[in-house]
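*Asks:* Got a structure for you, questions after.
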Amino acid sequence: GPRRLSRQLRAQFRNQRVATIGPDLSHRRTIVAQVLRTEAVREAVRGEMRDKGVSRREALKAARGYAYEIAANYSHWFVTLMYGVLSRLWNRLYDGVELANFSSLESVAEGSEIIYVPCHRSHMDYLLMSYVVYHKGYAVPHIAAGINLNMPVIGSFLRRGGAFFLRRSFSGNALYSAVFMKYLGLMMARGHSIEYFIEGGRSRTGRLLKPKAGMLSMTVRSYLREPTRPLVFVPIYFGYERLVEGRTYIGELSGQPKEKESVLNLLKTIPALRSRFGKVYVSFGEPLPLDPLIQKHAPDWNREPSGSDDRPQWLNPLVKELATGIMTRVNAAACVTPINLLGLVLLATPRQSMGEADLARQLELYASLLRQAPYSPRVWVTGTDGAAMIRYGESLGILRRQPHELGDVVQMPVEKSILTSYFRNNALHLLLMPSLLAC
């Protein structure tokens, strides 16, 4: 009767609230306490006492230290505040944020545990992803960030926005590994969406990097241990037309050492934020549910909690197939912008220059090829004509025009062509088949 109806309604409102603002995050302390109480962490604490000859109190203190080093400190008011700040920042930096295939995310069944797995092009990716998801009324994901970003002040801001930190390597530290796995498992069981970059670092060339399977493997193992909600991976493609880190990428590709992340280096990039950065594209790939993949590799699996951290024999092949599947779906959701096309055409010509009319025709030819023989149904291609693409390239300072009585020549200066190769590489895979046939 009415009581049953009211119970169902309460449950439904609770689910909707969780989907919008994320599960109730009673303070970070509570989560740390829950992690330390789990059997796996207690077992690891006993191991630490044995191996290092320390007291139980010291071993627990080390475990608690690791848990606080890892855990996010999500704050809803801080996220709301940052949403306002980022809305202004995007309007200053970019000519707009374009979304493609957003219905893919909407198609994921309610009650699923979502893992966002974007490609990694820039430090802007973190902010952009949280902004887009929050803007669309979804809970901000908890983001796995490298410990190198845990800088003074910046680190605590990132934690409030949902970042949790992980070390580059867990090897030889069983206690840290157990604490991290339990934290991840708890987050998933509580229904927090999670986000991490499986390339490990930012791509310096514009091509996708080889996937690193660490986080994927831990996610799958946590899920097998406690399959609370069906797990769905959502791949995401980011497309920029100019990169905030452009200069440092050129430096690194020409042999300079990678700069360490520091507050000082961050402040150095602020003057660059006065330039125009064109549009930025966020495209959602086809969601990849985990259950069917497990059933393929382990036909007798029945969603029963395994209760242990054993690695079944089929785990590695499954994770490998999962990683490849995610990367393939990121590539299949690419967005082709005027800048990608200018790079594809001009970087293949001698001296990176071409008559304006020829260039416009060539740009339109490539765009129509991509529309008529699409790499995948999710690829988005710009609708502007060749002349408009050239004007756009000039407005972003990527092209230079040389007047000539037989028709202007359009040229890409050398320093711009190095960076434009990054954006050409974003879309290079889309023309593999046509170029092979043309050869």
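The values are calculated or read from the model by the stated rules, or taken from the named source; none is laboratory data. Fair warning: this is a prediction, and the values are worked out from it, not measured in the lab. A quick note on method: Cβ atoms are made from the backbone with ideal geometry, for glycine too, and the neighbour counts reach across all protein chains shown. Side chains are part of the model used for accessible areas, which takes the heavy atoms of the whole protein and leaves out ligands, DNA and RNA. Shrake-Rupley method; radii C 1.70, N 1.55, O 1.52, S 1.80 Å.
*Asks:* If you roll a 1.4 Å probe over the chain with all protein chains in place, what percent of the accessible area is carbon or sulfur?
*Replies:* Exposed carbon and sulfur together represent 55 percent of the surface.
*Asks:* A further question on this structure: So how do 428-439, 341-352 stack up, highest first, on mean other-Cβ count within 10 Å?
*Replies:* Final packing ranking: 341-352, 428-439.
*Asks:* Residue by residue through the range 102-117, which ³J(HN,Hα) values in whole Hz follow from phi under the Karplus form 6.51 cos²θ - 1.76 cosθ + 1.60 (θ = phi - 60°), with glycine and proline marked x?
*Replies:* Ordered by residue, 3J(HN,Hα) equals 5, 4, 4, 5, 5, 7, 5, 4, 4, x, 7, 8, 9, 10, 7, 10 Hz.
*Asks:* Additional query: Helix-only estimate, please: 222 nm mean residue ellipticity of the chain, summing -39500 (n - 2.57) across DSSP H runs of length 4 or more and dividing by its residues, to the nearest 500.
*Replies:* Values: 19 runs with 225 residues, N = 439.
Per the formula, -16000 deg cm²/dmol.
*Asks:* If each of ARG57 and PHE13 carries a label point 7 Å out from its Cα toward its Cβ, how far apart are those two points in nm?
*Replies:* 4.8 nm
*Asks:* Could you work out how much longer the chain between THR205 and HIS123 gets when fully extended? Use 0.36 nm per residue separation minus the Cα distance between them, nm to one decimal.
*Replies:* Numbers: separation 82, 0.36 × 82 = 29.52 nm, distance 1.49 nm.
Contour length minus Cα-Cα distance gives 28.0 nm.
*Asks:* Among 130-139, 163-172, what's the highest-first ranking by average C-beta atoms within 10 angstrom per residue?
*Replies:* Ranking, from highest mean packing down: 130-139, 163-172.
*Asks:* With the contact rule set at Cα under 8 Å and sequence spacing of 6 or more, what percent relative contact order holds for the chain?
*Replies:* 18 percent
*Asks:* Let me ask something else. Could I have the simple spin-label model distance between ARG167 and ASN302, label points 7 Å from Cα toward Cβ, reported in nm to one decimal?
*Replies:* 4.0 nm
*Asks:* Report the far tail of the P(r) of the range 302-431, meaning the percent of Cα-Cα pairs longer than 25 Å.
*Replies:* Cα-Cα pairs in the range 302-431 separated by more than 25 Å: 40 percent.
*Asks:* Starting from the amide H of ALA100, placed 1.01 Å from N in the peptide plane, find each other amide H under 5 Å away whose residue is 5 or more places distant or on another chain.
*Replies:* VAL282, SER283, PHE284
*Asks:* Any idea how far apart MET49 and ARG64 come out in nm if each label point goes 7 Å out from Cα toward Cβ?
*Replies:* Those two pseudo-labels are separated by 1.6 nm.
*Asks:* Expressed as an acute angle from 0 to 90° and rounded to the nearest 10, what is the orientation of the C-alpha long axis of helix 356-372 relative to the principal long axis of the chain?
*Replies:* Helix 356-372 sits roughly 40 degrees off the main axis of the chain.
*Asks:* Also, I was wondering about something else. How would you order 387-399, 407-419 from highest to lowest mean count of nearby Cβ atoms within 10 Å?
*Replies:* Highest mean packing first, the order is 387-399, 407-419.
*Asks:* Sticking with this one: Probe of 1.4 angstrom, ligands and nucleic acids ignored: what's the accessible area per residue over the chain, in square angstrom?
*Replies:* Solvent-accessible surface per residue comes out at 50 Å².
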